[in-house]
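Peer 1: One structure, pasted below without further comment.
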Amino acid sequence: MAPNSATGLKIVVTEVSTDANKNATVTWSQAYNGGTAYTAGASWTLPTGLAMASSSYVLVQTSYVYSPTIGAAYVPSITMSNKIYMLPRQSTT
């Protein structure tokens, strides 16, 4: 984040699992710096084409309010956000 402060960076990391019928639910969720975690066991809708039966996904969501240091009186703050679904490493341990 340098040279900007990470103070306003909100992060939520969530594991979403599917059953044999591709029904997705939140397994666990952890928030950082003011983000809002999801409730374990809550139903979840995965993006079209992503759901596989009996699988797990890690969802990372970020949000950051950027306030320009030059021209801040004329340019409003900008909220930048993103999310990505990833498959966890396959392992037997």
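The values are calculated or read from the model by the stated rules, or taken from the named source; none is laboratory data. Note that the structure is a prediction, hence the values are computed from the model and not measured. Glycine gets a Cβ as well: all are built from the backbone with ideal geometry, and neighbour counts include every protein chain shown. Remember, those area values only see protein heavy atoms, side chains included, never the ligands or the DNA or RNA. Shrake-Rupley method; radii C 1.70, N 1.55, O 1.52, S 1.80 Å.
Peer 1: From the list SER77, SER67, SER56, which residue is surrounded by 10 or more Cβ atoms within 10 Å (Cβ to Cβ), of a type in the set (S, T, N, Q), more than 28 Å from SER5 (Cα to Cα) and modelled with pLDDT under 95? First the steps, then the outcome.
Peer 2: Working: SER77 fails: more than 28 Å from SER5 (Cα to Cα); SER67 fails: more than 28 Å from SER5 (Cα to Cα).
SER56 is the lone residue from the list that is surrounded by 10 or more Cβ atoms within 10 Å (Cβ to Cβ), of a type in the set (S, T, N, Q), more than 28 Å from SER5 (Cα to Cα) and modelled with pLDDT under 95.
Peer 1: Quick one: what pairs do we get from the range 41-63, first residue at positive phi, second open to solvent by less than 50 Å² (accessible area, probe 1.4 Å) and of a type outside the set (A, V, I, L, M), C-beta under 7 Å, 6+ apart or different chains?
Peer 2: SER54/THR18
Peer 1: Report whether or not VAL26 is in contact (Cβ under 8 Å) with a residue 12 or more places away in the chain, β-branched (Val, Ile, Thr), open to solvent by less than 80 Å² (accessible area, probe 1.4 Å) and touching a Leu at 6+ places or on another chain (Cβ under 8 Å). Reasoning before the result, please.
Peer 2: Details: in contact (Cβ under 8 Å) with a residue 12 or more places away in the chain: yes; β-branched (Val, Ile, Thr): yes; open to solvent by less than 80 Å² (accessible area, probe 1.4 Å): yes; touching a Leu at 6+ places or on another chain (Cβ under 8 Å): no.
For VAL26, the condition - in contact (Cβ under 8 Å) with a residue 12 or more places away in the chain, β-branched (Val, Ile, Thr), open to solvent by less than 80 Å² (accessible area, probe 1.4 Å) and touching a Leu at 6+ places or on another chain (Cβ under 8 Å) - is not met.
Peer 1: May I ask you to list the residues in the range 29-53 that are in contact with a Lys or Arg (Cβ under 8 Å, 6 or more places away or on another chain), open to solvent by 80 Å² or more (accessible area, probe 1.4 Å) and over 16 Å from ASN82 (Cα atoms)?
Peer 2: Scanning the range 29-53 gives a single hit, MET52.
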